[in-house]
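S.K.: One structure follows; several queries about it will come next.
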Amino acid sequence: MYLHPEAASAGAPSRDVLLVSAIITVSLSVTIVLCGICQWCQRKLGKRYKTSLETVGTPDSSRGRSEKKTIKLPAGGKAVNTAPVPGQPPHDESDRKTEPRSSVSDLVNSLTSEMLMLSPGSEDDEAHDGVSRENLGRIQFSVGYNFQESTLTVKIMKAQELPAKDFSGTSDPFVKIYLLPDKKHKLETKVKRKNLNPHWNETFLFEGFPYEKVVQRVLYLQVLDYDRFSRNDPIGEVSIPLNKVDLTQMQTFWKDLKPCSDGSGSRGELLLSLCYNPSANSIVVNIIKARNLKAMDIGGTSDPYVKVWLMYKDKRVEKKKTVVMKRCLNPVFNESFAFDIPTERLRETTIVITVMDKDRLSRNDVIGKIYLSWKSGPGEVKHWKDMIARPRQAVAQWHQLKA
């Protein structure tokens, strides 16, 4: 039987249709396979990239330690200071060069990281507003007695983590040495300029001192900050009864410095607020009130007022002061002062607040001071850090007045 060609083609698919179907099927299969490979690669590459970021972002927190140095003790001498062997003091962190920050957020991050390295306490310790548990540093010294020569030897080695007392965020420390109860005769170390971790390595000899009298004495060490134009500021003190020390050989001690018992810790407190405006490049200092101020007059009272100095790189830029409050130890001021401070200058800026006692017949007396900067004491640093972290907000805090 004969079929027409058109009728045969109508009942079965042509060769072209089969070829197109095969091409489409192969293309879909290849696409599915490639899509699966692409997703797998993205997962692998994404995981590897994340791991590399975590590795690069981990800082190295290891820091070196300075080595201890000793010198031989000479014999002979009469309550003298022998020539010290020059040490190699560690680098002061306040001398590190830092680049200015262009934005407030970068500045806050930088100050926070550096203050965590410089501040001796934790965030919990700083929450006490710097009134209590302030770190005054520590001192290393040694004591021994030579029975053959009846000589007491005192060696002042070094100190660590001393607080900043100067405008520049550092100190010029030296040590006074007493054998209490004798306060008339004292010996002193040399002054170490701009150093919060000074090395002295100086030896002092008390010759012709009978042992029976030595054990009745108390070794008293007072660390002070040297000031050329005013009274030296006390940093801290250490006392140790010699009858509790084995003087048959040189004994070395590390002692934490305590507040000096000269009345410097009872000068009163001052409440003030700081407000930083980054857009206006200004800081507003509001002197609110004071309490329990030290009486400076004969009548058991004071006539207080407050001076506010703006310092930049150890130079006085601008000064402002409040009115005088007559015969008052708990004055309320409520006076505000604005200072122009560009953002890039904040790292080198210090605000010095001095509470004064007005005296009509003689020179005005200093009741106490406060140094506000990013490298002051823990309480002051906390206030400065809070001010920068909360721009355009007045941040208030109580501060203990210091000598």
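Here, each number is a calculation from the coordinates, and none is a lab measurement. Small disclaimer: the values here were computed from a predicted structure and weren't measured. When we count neighbours, we look across all protein chains shown, and the Cβ atoms used for this are built from the backbone with ideal geometry, even at glycine.
S.K.: Report, in debye and to the nearest 20, how large the dipole of the stretch 178-219 comes out about its Cα centre when Lys and Arg carry +1 and Asp and Glu carry -1 on their Cβ.
M.R.: 340 debye
S.K.: In this model, which of K183/K375; K155/K244; K255/K319; K320/K385 are farther than 28 Å apart at the alpha-carbon?
M.R.: Too far apart for the 28 Å limit: K183/K375; K255/K319.
S.K.: While we're looking at this one, here's another question. How far apart, in nanometres, would the label points at E207 and K326 be if each is projected 7 angstrom from Cα along the Cα-to-Cβ direction?
M.R.: It is 6.3 nm.
S.K.: Would you mind putting 340-350, 216-226 in packing order, based on average other-beta-carbon counts within 10 Å, highest first?
M.R.: Result, highest mean Cβ count within 10 Å first: 216-226, 340-350.
S.K.: If you don't mind, there's one more thing I want to ask. Order 247-253, 392-398, 149-155 from most to least packed using the mean count of other Cβ atoms within 10 Å.
M.R.: Ranking, from highest mean packing down: 149-155, 392-398, 247-253.
S.K.: May I pose another question? What does the C-alpha gyration tensor say about the overall shape of the stretch 166-233? Classify as rounded when a/c is under 1.5, otherwise prolate if a/b is larger than b/c, or oblate.
M.R.: It is prolate, given that a/c is not under 1.5 and a/b is the larger ratio.
S.K.: Between R345 and K258, how high is the FRET efficiency from 1/(1 + (r/R0)^6) when r is the Cβ-Cβ distance and R₀ = 30 Å? Nearest 0.05.
M.R.: Given R0 = 30 Å and the Cβ-Cβ separation, E is 0.25.
S.K.: Alpha carbon centre of the stretch 297-360 versus the stretch 167-203: separation in Å?
M.R.: Measuring centre to centre over Cα atoms gives 29 Å.
S.K.: A further question on this structure: Using 16 Å as the cut-off for backbone N distance, which residues of the stretch 202-245 belong to the label zone defined by a point 7 Å from the Cα of D182 along Cα→Cβ?
M.R.: Label zone hits: 204-221, 242-243.
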